[in-house]
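See structure below.
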Amino acid sequence: MTLSRLIRFTAMILIPALLSNSFASAAKKPADPAAMKAKIQARGVGQGVRVVLTDKTEAKGLIASISENSFTVKAKNADQPREIEYAQVTGVHGAGMTKGQKIGLGVGIFGAAVLIAGLVVAHAVASGPFP
């Protein structure tokens with residue numbers, strides 16, 4: 001397999017994978033307040049959360065309390081918790097990546113770089129000395 005074919009093959013794999021993420025995020029549906037309440041309750045009081053609101057802003061912090069129509073989030077550097085109604089929430093996510101996830105991501109990127117470098121070296125060795 002020549003280097004140009006390897007590059008074309010890699011591009012054929014990467015382009016659809018990268019585009020599929022943007023198409024999936026473009027077709028978001030409005031969130032159901034009951035579903036958002038269930039997600040917040042599943043996380044529980046004292047757990048880290050990042051919520052996306054209808055005005056495209058984010059609230060990030062620990063869940064301080066959960067009530068019937070709203071919940072409160074206490075940001076790390078804020079004095080007062082912020083009360084958020086379930087109808088304002090469009091998405092509920094974790095507070096961020098854990099340390100293990102960050103290490104795994106770094107190892108995966110490093111492994112991919114080593115693999116690509118190895119393929120390039122193997123191709124150079126197989127094609128003979130440079131003219």
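The values are calculated or read from the model by the stated rules, or taken from the named source; none is laboratory data. What you see is a predicted model, and the numbers here were worked out from it, not measured in a lab. Every residue, glycine as well, gets a Cβ built from its backbone with ideal geometry; the counts of neighbours run over all protein chains shown.
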Pick from the stretch 45-72, criterion of a type outside the set (Ser, Thr, Tyr) and more than 21 Å from the chain's Cα centre (by Cα), ranking: nearest to Met97 (Cα to Cα): Gly46
Conditions (1) in contact with a Gly (Cβ under 9 Å, 6 or more places away or on another chain); (2) touching a residue at least 40 places away in the same chain (Cβ under 8 Å); (3) not in a strand (DSSP E or B): number failed by Lys76: (2)
Check on Val120, touching a residue at least 24 places away in the same chain (Cβ under 8 Å) and touching an Asp or Glu at 6+ places or on another chain (Cβ under 7 Å): no
Residue that is free of Cβ contacts under 8 Å to residues at least 60 places away in the same chain, of a type in the set (Asp, Glu) and not in a strand (DSSP E or B), where the choices are Glu68, Glu83: Glu68
Any hit, the stretch 42-61, residues being outside any loop (DSSP other than H, G, I, E, B), at positive phi, touching a Lys or Arg at 6+ places or on another chain (Cβ under 7 Å) and at pLDDT 85 or above: yes
Within the stretch 1-41, considering residues that are of a type in the set (S, T, N, Q) and in a helix (DSSP H, G or I), the one modelled with the highest pLDDT: Gln41
